[in-house]
Structure formats: structure tokens, C-alpha cells
Amino acid sequence: MAKPPELNPFSSSSIFSQKTSRLPDDTVFYAIFPDTSLNSSAAVAAASLQSLHLQILETLSPFTADYIWQHEPFNLSVSSAPKPSCLCSDHLPHLHGKLRYGDNLEDEWFVVFLLFEASRRFPDLSVRVWDTDGEFLLIEAAFHLPRWLNPDNSLHRVLIRRGDLHIVPKDRLPSPNLEDSLKFVANCGEESRAAESVQAVVKNRISEYPERARMNVHMVRVRVPASVAQVLKHEPCLISLAVEGFYDRDIDTMKYAAKMEWFLVKGKDEELVRVSVRMSRAMYAQLVQQTFQAPRCYPMPSRSDAAAYIEAELGMKIACGFEMMYQQRKREGLEGKGGTWEAFRESLERNGYFEGLLPGSQEYRRLMQNAKEYYRSRSLFSRASEMMSAPVRRIDEILALPYSEDDFKGQEVPPSDDDSWLYNGEDDLNSALSERQRELELYEAKHKNKQKSKMQQDTGELSNTNVDEFDPSEIAKTMKAFVRKVSSYKGAEVPENRNLKEVDLDMNRFIRDIESIMKHQGFEDIASGDNIEEGSSSDLDFVDSEDDNDFEEPSKGNDEGEDTFMRSYSDILNEELNTTTLGKSFVRAKEQTTQQDEETSSNTTAAMDEDFTPVDADVNLVKSFLDSFSSQEGLPGPASNLLGLMGLQLRDANKGK
């Protein structure tokens, strides 16, 4: 059986054949895989693509007939022969296309709508769509996706089928390739269908199409040379190339606009005609928002007539865009072959469609007839796409026809559409931001509730009886045992192979050295000052200390010096602490606390006695643990983690009520 014709005449330059090159920015890619590509032989599947290709284009053409695309129109081409370099699939026959949307994001979502519509009309096919950001449908529904799904494992999992979004589950296919995912979605569609929340977000994004696509078109009245009016009369879609040429201009292309050799033959004697031009809102914004001085050779009306000047200024930008685009493509060899029959036939021969048959033979003529019929049918739907790839030839054909300024006079030109949307977009932006903020808040609240539930399950539900029987002293006892078990006087463990030397510290000599330093710094004046009272807190602290024997004098000679040093050192520490509230934060011994509570009015002496009240270390330890645990608000934190290591589990009784 003869191979079907290769229906992409520009396959050698197609983006789908540039697997190793960097993908262009602001471009959406899509591929359509019929089930016959999986269940039939390559020859049968490739042959069926011809019919499917025409049916899809015929179904979608009513939506795209009057739409003005930003850079290039929606298109589909056939990839039937095995192509190792194809971005979509190197062996599965399929339809694919790409569309550069540039600054007009509406084009990308309009393409998504068309693909959903095609999948709904043709239930036996699966669609994949992505852009240079990756799986942008998942990005749109980011707050509703399952936790396991991330950019690293999403490849080949996201497909559109029968008007729904499908995500191949990880538990069924841990690392799927494209063919595995296509088979799974075709055979187990109920399992792969995305959750309703995900479906709702994506479908809500395209719910206003195709009406929104029509709203995106802006009609504006301009004054242009007759040559520009003639081109737009025959091919309105070429306005996108003119705006692109103007918006992306550089120093080299502006030289063409300065001369206007092609679209302004008469120079300042050229008469401008008034016409109505259809363009996208993004194109209109690109023209209006840029300041551009008219070339000297361009006939601009007087500024006194404000309405005429505004129309002529906008038309001047369009005319200059046409000139720059035309001259650049013509002089730099950017003009393609277009969709001519000769180009299509050359692609058939290059891809071995005629299988070496002799020209003029019966089989050769049969294949040629089939190819011509398909070319004529396809050209009805792909004419705009082919013309956009070869605009210079088409412009030459149009301007070769007879025309004059009189052809455009006496015609009723409707007024320009209201462009208040260009200046009142703040409300729409705030509305979109508010909607995203609500989604984020709902996601965070849902995620927080899940964490709380998981924490309660991990820590366990304690009954009221257990709470009443809980002894806080267990925390202090367990903490002491924990410290004794985990740490020791040696501190942190070190590798055994390290050559460590023991440290021999002479405590008496260390104190004498410190005392000497303190005297040189002038602390002897502090020690002998009037501010140091007999019976100070430092004296009492050392008298009551259990380690008092460690500081006994080694000899009578340094008795007075050591005593002076210790008083000075202690007083300095107390002075530092008095400037803070640290001392008041500790819970004192129970018997002292009770006594102080009974004395409602205290004097200076009572306040000083409070400083000497012993601190209950166990009570403070338990209080600190409970305060830290309460601040966690039921979530994991340092207190619950540390108590968990000690074998204790606490539950906030206020949570969950």
C-alpha cells in the first residue's frame, strides 16, 4: 500500500523538527492523537489522518473565520512518517501545530478552547497542549492539584479527552511515556479524569469563548495610503504582520520607513483615504501607546483638525509597519515558499510519497490525483496560514491589481470602537488579583486544617480522664533523665581517632589572673565604691551556694583580693540583669510566692527580698514547656518534638472544639 502524502509542506523548517534548538518564547504547542495511532498499523493510522485533519479544520473554522490573531493563525499539520526529531512523538502518527501568541495571552486560551471543542466533537482522540512554561493548564489549577503532582513528574500525564482534563495517576503509571498515557486515558478514562475542582478552574478560564474572542477584536477608523487600504481590503489578517513590524522595529528597519518606497509612491502628494481596520485589542494598544514621529515624506494633516490627525497618526504607524515588514522580508530572504501546489508537491517527493514510481504511470497518476484533491480541500482552511508565511508574494499580487483613491471614497466608515478598556483596566486587574488571593487563602486554610488533623492523629487523642490524671512533674523528671541520658560532662561526642590532649586548669591561678585584669581595668574602684553594700546579693548568693567550697582561699595572702573580685563580678552581673525583665519572668518558690501574695502593699525592703526568693527550677521548666506548646496552636513545633523524644505526648484540649 502506498504511503499517504506528507501533509506538512514545511516540515523541514517546522518548529517540531527543531528538537535540539531552544523553543521560541510566547508560543503554545499542541498535538492531537487519534486512537487509531495506537491500535492500527502505521500505514492505516497515517491514512486516516487525512480525513481527521479535514474534519477538525471544518469543525473549528466557524470559530476562527473572523478572528484576528496576534502573529499567526491557528493551524494543524500532519506528522505521519516516523520522525525522530518531532517534539510531539517520534513514531506515533498525529496532528500537531504551534502558535505564537506574543503579548496577546487571549490567543493562547482561545487555542485551548478550540482543542477542548475538538476533543468534545471527536471522542476518539486525545489532545496534549503545552507552552514554553510547561504544563500551563496545571499552573492555572495549581491550588487544586493533588500533592504528589509536580513539574518533575507531570510529563506525559496531562491530556484532554472528550472535553475533560485528564491526569494519569501516579499509582497506576509511576513513570509513563506518551504512548502509555494515551492508552491509559483511552481505556481507563474514569480513573484519569481530573478532580472536579481542577476541571472547574480550567473550564472556567475558557467558558467565555468564543464570545470572548469576538470581544477581543477592536474596530478602529484610520487614514492610510490607498496601497495600504488595498492590501487590508483583500487580506485583513495581514494587519498582524504590519503591527508586528512596527512594534518590533529596530534601527535597520526604520530606514525603510524613512523612505516609504513601496507603500507611499507619491510621497507627500499621496492622498490618504479613510477605512475601518479590524485588529486585536493587544495590537491596538501596541500602536496607540507608542510615540512615533511621522517620516518627512509622509503626508500628515494639520494638528488643528484633532480627529483627522488622530486617525492619520494611527494609519501612519500601520503604513510604516507594512513598509518595514515588507522590505525586511524581501531583502533579507525571510520570504517562504508559501502554500503553493509546487511547494506541496516537492514535499511529497522529498518524503517518498511516490515511492520511486515513474511519472506518467497509472499508479503515479492515481497518487497525484489523491494529492491534488487533498491539497484543494486543505487549502480552504489553511489559506490564511500559508499566506502569512509568504506575505510579500501576496502583497505583490494585490498591488498588481488596478486600484485608486477613488475606490475608497464615498464609502460609509463606521466610527471607532470605544477604547475605554485601554484606560480602565485597573478594576479588571484588581478583580483578577482578588480572585487569586481568595484561591490562595482557601488553599492555605485547607492545607492548615489537614496539618492539624494529621498532628492530632500522630499525637493521639487523650481522654479527659488522662488529662485530669496528668502530673506536670513528670515533665521535669523526664527532662532530667533525658539530659543525663543524652549528654554528659564531656559534651558532644567526637571521633575516637582524634588526638586530643587533656586540659589542666588551675582554678586558683585562673582567678588571680582574672583579678589582675579587672584591677587594671579599674574595677577596684567599683569594688570599693559606695554603691556596694555589705550583705549584698552577691555575698548571699555565694554563702548559700552549694559550690562555696570551690572558691575557698588557697592562702591568706589573696583572701581580700579574691573577695573583692567576686563581689565586683557579681554586682556587675546583677546590674546587667536589673535593666531587663528576665528576673521577673521566673516563678519563685511556692512558700515565698504565697507569702508575697498575702502582702498586697510592699515597700522597698519587700521588693529587695523578692530578689532573694529562690527560683523553682522544676516549675519554670514545666511552665516554659507548656507555654511553648500552647504557642504552637496544635501544629508541630519544638516543644512537642522534644517531648515526643522523651516519650511524652500532649494534646491541646482547646483544639477541635
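The values are calculated or read from the model by the stated rules, or taken from the named source; none is laboratory data. Being a predicted model, the structure only gives us computed values, none of them experimental. Glycine gets a Cβ as well: all are built from the backbone with ideal geometry, and neighbour counts include every protein chain shown. Surface areas here come from the heavy atoms of the whole protein model, side chains and all, with no ligands, DNA or RNA. Shrake-Rupley method; radii C 1.70, N 1.55, O 1.52, S 1.80 Å.
Structure above, values below:
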read-out	value
Single residue of Ser240, Ser280, Ser207, Ser276 found to be open to solvent by 20 Å² or more (accessible area, probe 1.4 Å), small (Gly, Ala, Ser) and under 33 Å from the mean Cα position of the chain (by Cα)	Ser207
Among (1) open to solvent by less than 60 Å² (accessible area, probe 1.4 Å); (2) at pLDDT 75 or above; (3) in a helix (DSSP H, G or I) - the single one Met455 does not satisfy	(2)
In region 50-83, residue modelled with the highest pLDDT [restricted to those that are among the small types (Gly, Ala, Ser) and either in a helix (DSSP H, G or I) or more than 13 Å from Pro34 (Cα to Cα) (or both)]	Ser61
Residues satisfying the stated conditions in region 257-267, i.e. part of a helix (DSSP H, G or I) and surrounded by 22 or more Cβ atoms within 10 Å (Cβ to Cβ)	Ala257
Hey, Leu114 in a loop (DSSP other than H, G, I, E, B) and either closer than 20 Å to Asp164 by Cβ or in contact with a helix residue (DSSP H, G or I) (Cβ under 6 Å, 6 or more places away or on another chain) (or both) or not	no
Index of the failed condition, Arg223 passing every other in (1) open to solvent by 10 Å² or more (accessible area, probe 1.4 Å); (2) farther than 18 Å from Phe408 by Cα; (3) modelled with pLDDT of 90 or more	(2)
Tally of residues being touching a residue at least 60 places away in the same chain (Cβ under 8 Å), among the hydrophobic types (A, V, I, L, M, F, W, C) and part of a helix (DSSP H, G or I) across region 268-315	7
Selection status of Leu23, part of a helix (DSSP H, G or I), at pLDDT 50 or above and among the aliphatic types (A, V, I, L, M)	no
Among the candidates Ala47, Ala42, residue that is surrounded by fewer than 22 Cβ atoms within 10 Å (Cβ to Cβ) and at pLDDT below 65	Ala42
Among residues of region 156-184, those that are hydrophobic (A, V, I, L, M, F, W, C) and assigned to a strand (DSSP E or B), counted	5
Test: residue in region 157-179 that is among the basic types (Lys, Arg), in contact with a strand residue (DSSP E or B) (Cβ under 8 Å, 6 or more places away or on another chain) and open to solvent by less than 40 Å² (accessible area, probe 1.4 Å)	yes
Subset of region 334-357 (residues that are modelled with pLDDT of 65 or more, open to solvent by less than 60 Å² (accessible area, probe 1.4 Å) and in a loop (DSSP other than H, G, I, E, B))	Phe354, Leu357
Residue list for region 260-284, restricted to those being basic (Lys, Arg) and modelled with pLDDT of 90 or more	Arg274, Arg278, Arg281
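Listed here are the residues, each with its yes/no results for (1) over 25 Å from Leu38 (Cα atoms); (2) surrounded by fewer than 22 Cβ atoms within 10 Å (Cβ to Cβ); (3) touching a residue at least 12 places away in the same chain (Cβ under 8 Å); (4) of a type in the set (D, E, K, R).
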| position | (1), (2), (3), (4) |
| --- | --- |
| Glu108 | yes, yes, yes, yes |
| Ala118 | no, no, yes, no |
| Leu125 | no, no, yes, no |
| Glu135 | no, yes, yes, yes |
| Leu138 | yes, no, yes, no |
| Leu145 | yes, yes, yes, no |
| Asp152 | yes, yes, no, yes |
